[in-house]
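Data first, discussion second: the structure below is written as structure tokens.
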Amino acid sequence: MRILEAESVTKYFGGMAAVSDVGFHVDKGEILGVIGPNGAGKTTLFNLISGALPLSSGEIRFKGRKTSGLKAHQICRLGLARTFQLVKVFGNLSVLQNVMLGSLFGKQVVTSQADAMREAMESLEFVGLAKEINAPAKDLTLGNQKRLEVARALATKPEVLMLDELMAGLNPTEISEAIADMKRLKDQGITIIMIEHVMKVIMSVCDRIIVLHHGKKIADGTPQEVTTSSKVIEVYLGDSEIECSTAG
Amino acid sequence: MNRVALTSKKFLLPGLMIIALILLVTSPSYISAYKVMLLTSILMYIVVSVSWAIFSGPTGYISLASAAFFGVGIYTAAILGRILPLTYVIIIGGLVSVVLALIVGVITLRLKGMYFAIFTFGLVELLKHFLLWWEINITGTRGRFVISVHSETVFYVMIIIFVAVLLTAYLIKHSKYGLALQSIGEYEEAAEHIGINVTMVKIATFAISSFFIGSAGAIIATRWTYVDPYIAFNPIFSFMPVLMSIFGGLGQLFGPVLGAAFFAYLEESLITKFPYHYMLIFGIILVVAILYLPDGLIGLAKKWKKGSLSSGLVELLQKRQKGRKEV
Ligand SMILES: Nc1ncnc2c1ncn2[C@@H]1O[C@H](COP(=O)(O)OP(=O)(O)O)[C@@H](O)[C@H]1O
Ligand SMILES: [Mg+2]
């Protein structure tokens, strides 16, 4: 079942197309990787899906329902949660409060404070932060702040979880733990879309990968297919070469 | 901490508050009429400051619209005071403020930081000049007389508004919306992405908090007998709540209460002794407070209680030094 579909999605900033005519889909329970060089438009694509930015043109559908045009909080309540490339935890709130907010506001059902606390604890246990619940979020290490963002997103009970460079800045142990977490999430039936630079992660967890370059989708397939695609190899060898070859 | 200490602490504060309230309510029978008026002023400043802090405290959106809500309440009393009973006048004064806040909210809450502050202040000037224009060109009057009310009545009404605003502030702070407001102050974008209808929460809170400022204006107007747009829309009522709340400490409900009480009392004593310099003295106290008491009076009291005032100061100085090095 296609849980998320994007059709001719385009976003202009001024005259520049940061995302240009991108179409793809994600199946339920899948882990989709989104890769591409810096500035390729990956984060912008996430912003379009999550409702942080309006589309210039195109359409996005979640479970068959059009979501482009909805506000970020509405999209979250439908079951699409995300984390941010630059962490955005609520620094002066406690770890528990950060996550409780997700539970209190991020779902369609009304949740009492007591239930929210219980759900928040579950999410925090899942990411391994249950011991830090009373610390202000700003006192956590970067790795733990990233865990906190995942817990906060999970507390909204998402069907699709979007992770923007979760592994960036983590040490090898933390990366292995995060990979294990993702596999467990997949087992729970949560669909994951992840922007990632760490190749090891992509190869070991992604079912499928799409590659963005200059805002365009240039490849879509299994990790095997994508990493052997000559177009992708060219992109990763350097922009200059592809520029020359298309110009010439 | 053992359980006894915990429960006794739990009842201590509400108990003290009830005693304070009883003392306040019975005070006209044993203090002078002048003192009752002074208490009324203090309560008024507390109402305006706490109202302001309900929205601006957690979100960090510095509203300078308080004088507009206050003025709208004052003019409501001036216009309706003759034809409606006092209770209605006060409620309508609050409701007109709410309507104004809703309109302002819809237009401005997408503005951030400085722009929001400037726009809300512009609103005060806009209303003032609109009324001036109206009085000169349409009604041909200058100002209005306000029907006066017994000063004890004013005092009791102010107590009711005071209790109402404290209760409202407490309930909001301890509800999920209080948490949401804080998260908006921290990272608005992240708040939106975990399902908080940020615009709605902001506008609703802004409107609710403006109710009390409007009704405080409506009741205090009856003490002034004559008002004109300059008196009613005096920008000091936009700045005072900001200063008082910051001075008292924004983190806690009682911060703005303490700050307002302190400043209102100070104003009253300074204005008689140093009528020309009292704003200057105000300014100096505020600057010192911002530099040395980042968490306001409340923060100071907390450190004191922990018995670590001196170490707190040392820590503060170290922080400042570190900050300087980093710059
Ligand atoms: N809010 C914005 N306003 C203007 N330009 C933007 C904005 N967000 C991203 N861009 C631009 O869009 C392009 C794609 O950025 P981004 O999506 O962040 O890339 P990636 O995440 O793949 O590194 C970049 O050139 C960036 O400068
Ligand atoms: Mg990015």
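Couple of notes before you dig in:
- In the set (1) in the same structural domain as A:ILE210 (by TED's automatic domain parsing); (2) more than 17 Å from B:ASN197 (Cβ to Cβ), A:GLU125 fails one condition alone, (1).
- Any hit, segment A:170-178, residues being within 16 Å of ligand 1 (Cβ to nearest atom) and more than 13 Å from the chain's Cα centre (by Cα): no
- Checking B:VAL201, B:VAL227 one by one, the residue that is within 14 Å of chain A (Cβ to nearest Cβ) and surrounded by 18 or more Cβ atoms within 10 Å (Cβ to Cβ) is B:VAL201 and no other.
- Residue check, A:GLU149 within 14 Å of chain B (Cβ to nearest Cβ), in contact (Cβ under 8 Å) with a residue 12 or more places away in the chain and among the acidic types (Asp, Glu): yes
Yes/no per residue for (1) touching an Asp or Glu at 6+ places or on another chain (Cβ under 8 Å); (2) open to solvent by less than 20 Å² (accessible area, probe 1.4 Å):
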| position | (1), (2) |
| --- | --- |
| A:LEU170 | no, no |
| A:THR173 | no, no |
| A:ALA178 | no, yes |
| A:GLN188 | no, no |
| A:GLU196 | yes, yes |
| A:VAL201 | no, yes |
| A:ASP207 | yes, no |
| A:VAL211 | yes, yes |
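Yes/no per residue for (1) under 15 Å from the mean Cα position of the chain (by Cα); (2) near ligand 1 (Cβ under 9 Å from one of its atoms):
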| residue | (1), (2) |
| --- | --- |
| A:MET1 | no, no |
| A:THR10 | no, no |
| A:GLY15 | no, no |
| A:HIS25 | yes, no |
| A:GLY33 | yes, no |
| A:ASN38 | no, yes |
| A:THR44 | yes, yes |
| A:GLY51 | yes, no |
| A:GLY58 | no, no |
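- Failed criterion for A:GLN113 (all others in (1) at pLDDT below 95; (2) more than 10 Å from chain B (Cβ to nearest Cβ); (3) surrounded by fewer than 20 Cβ atoms within 10 Å (Cβ to Cβ) hold): (2)
- Filter result (assigned to a helix (DSSP H, G or I) and open to solvent by 40 Å² or more (accessible area, probe 1.4 Å)) within segment B:186-197: B:GLU186, B:GLU189, B:GLU192
- Of all residues in segment A:73-110, those that are at the interface with chain B (Cβ under 7 Å from one of its Cβ atoms) and of a type in the set (S, T, N, Q) total 2.
Conditions (1) hydroxyl-bearing (Ser, Thr, Tyr); (2) away from ligand 2 (no atom under 16 Å from the Cβ); (3) more than 30 Å from A:ARG118 (Cβ to Cβ), marked per residue:
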position: A:ALA6; (1), (2), (3): no, yes, yes
position: A:LYS28; (1), (2), (3): no, yes, no
position: A:LYS42; (1), (2), (3): no, no, yes
position: A:VAL95; (1), (2), (3): no, yes, no
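- Search result, residues across segment B:82-137 that are open to solvent by less than 50 Å² (accessible area, probe 1.4 Å) and outside any helix (DSSP H, G or I): B:LEU109
- Within segment A:69-83, being in contact (Cβ under 8 Å) with a residue 24 or more places away in the chain and touching a helix residue (DSSP H, G or I) at 6+ places or on another chain (Cβ under 7 Å) holds for A:HIS73, A:ILE75, A:CYS76, A:LEU80, A:ALA81, A:ARG82, A:THR83.
- The listed residue being modelled with pLDDT of 90 or more, open to solvent by 20 Å² or more (accessible area, probe 1.4 Å) and either in a helix (DSSP H, G or I) or within 27 Å of B:VAL98 (Cα to Cα) (or both), out of B:SER56, B:SER51, B:SER41, B:SER8: B:SER41
The values are calculated or read from the model by the stated rules, or taken from the named source; none is laboratory data. All values reported here derive from a predicted model rather than from experimental measurement. Quick reminder, even Gly has a Cβ in these numbers, built from the backbone with ideal geometry, and neighbours come from all protein chains shown. Ligands, DNA and RNA are stripped out before the accessible areas are found, and what is left, the full protein with its side chains, is counted by its heavy atoms. Shrake-Rupley method; radii C 1.70, N 1.55, O 1.52, S 1.80 Å.
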